[in-house]
Amino acid sequence: RICYVNGDYVAEEDAKISVFDRGFLFADGVYEVTSVLGGKLIDFDGHATRLSRSLSELAMPSPVTRDELLDIHRELVTRNGIEEGLVYLQITRGAADRDFAYPTDAAPGIVLFTQTKTLIESPAARAGIRIVSLPDARWGRRDIKTVQLLYPSMAKMEAKAQGADDAWMVEDGHVTEGTSNNAYIVKGSTIVTRQLGTEILAGITRNAVLRFAREAQMKVEERAFTVEEAESADEAFVTSATTFVQPVVSINGSEIGDGTPGPVARRLREIYIEESRKAGI
Ligand code: PMP
């Protein structure tokens with residue numbers, strides 16, 4: 001597998017960065033994951049735009065332009081022969097003597113790699129996933145896509161220990177989002193998902209799915225919802241770049257609807273995949 005490290009395409013064994021890199025020492029870095037379908041990048045522009053925003057919120061310069069970034073993504077997809085899978089991108093503030101203050105002389109570091117992954121024929125999409133709710137103990141700037149992912153990782157482990165597949169995190173009585181996805185419920189014919197803010201990540205898939213839902217004349221409400229509301233919803237689902245739309249079939253042991261993937265989630269998954277295939281670059 002060929003990786004990209006600071007300007008060079010290198011074999012995986014040679015893809016190395018400094019122990020002084022602030023991504024490693026302080027989680028001082030941001031990332032993006034772009035899915036690949038039929039060898040094409042899905043929603044590249046959305047990911048590039050969010051990346052710029054994450055960087056600017058952290059006063060971190062970008063080592064590449066949008067066009068260079070696109071070229072690197074495409075080059076890696078080609079070199080690694082990715083038909084279906086993902087491209088992972090990470091930018092960190094770079095290597096410097098360890099100090100809490102941002103260094104003035106560090107050059108930002110950039111790393112990309114690819115992963116082949118079955119995205120469309122996903123067993124989890126067919127069967128739906130089981131969710132448990134857990135407290136949201138992350139920091140307060142979840143709108144910035146940083147590599148600080150330890151709490152989501154702990155929450156995922158706790159969900160698995162409880163016999164579920166994933167967790168929805170809860171703050172002040174309301175669901176924020178999933179460990180690595182945005183959370184939705186369906187009440188009657190209305191899709192409900194939390195409004196954007198510093199409490200959640202503005203999912204690129206969320207943006208596309210809400211647009212497709214509105215175009216299909218579905219009703220969408222962007223507001224916070226409680227765990228109780230979710231447990232008694234008609235349907236629930238999650239979205240992310242690599243899982244698209246994934247139905248949720250139980251929350252805290254309560255079956256959602258009849259305990260099988262609901263029609264709204266199934267339809268949105270179909271539309272999302274079809275439209276993404278058409279729009280991939
Ligand atoms: N929320 C969180 C916390 C995430 O980690 C992700 C996945 N990166 C998402 C939402 C979904 O974002 P996207 O649709 O851009 O993958």
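Brief remarks on what is shown
- The trypsin sites (Lys or Arg not before Pro) of the range 13-72 that DSSP puts in a loop, and whose beta carbon has at most 14 other beta carbons within 10 Å, are Lys16.
- Pairs from Lys40/Lys160; Lys160/Lys187; Lys16/Lys278; Lys145/Lys278; Lys117/Lys145 whose Cα-Cα separation, in the structure shown, is over 25 Å: Lys40/Lys160; Lys160/Lys187; Lys16/Lys278; Lys145/Lys278
- The range 107-150 and the range 24-74 have Cα centres separated by 15 Å.
- Counting only DSSP H runs of at least 4 residues, each contributing -39500 (n - 2.57), and dividing by the residue count of the chain, the helix-based mean residue ellipticity at 222 nm comes to -9000 deg cm²/dmol.
- Working from Cα pairs under 8 Å separated by at least six residues, relative contact order for the chain is 19 percent.
- Computed from phi, the 3J(HN,Hα) profile of the range 25-42 under the Karplus parametrisation 6.51, -1.76, 1.60 (θ = phi - 60°) reads 7, 10, 6, 8, x, 10, 8, 8, 10, 10, 7, 10, 10, x, x, 10, 7, 9 Hz, with x in place of Gly and Pro.
- Restricting the chymotrypsin sites (Phe, Trp or Tyr not before Pro) of the range 81-155 to loop positions (DSSP other than H, G, I, E, B) with no more than 12 neighbouring Cβ atoms within 10 Å leaves Phe100, Trp139.
- Overall shape: rounded for the range 123-279, with the ratio a/c of the largest to smallest alpha carbon gyration tensor axis below 1.5.
- Size of charge dipole - the range 123-279 - debye, nearest 20, with Cβ of Lys, Arg +1 and Asp, Glu -1, no other charges: 640
- Extent along principal axes [Cα atoms of the chain; Å; largest to smallest]: 55, 40, 32
Every number here is computed from the coordinates shown, using simple stated rules; none is lab data. These figures come from a predicted structure and were not determined experimentally. All Cβ positions, even for glycine, are placed from backbone atoms using ideal geometry, and neighbour counts span all protein chains on display.
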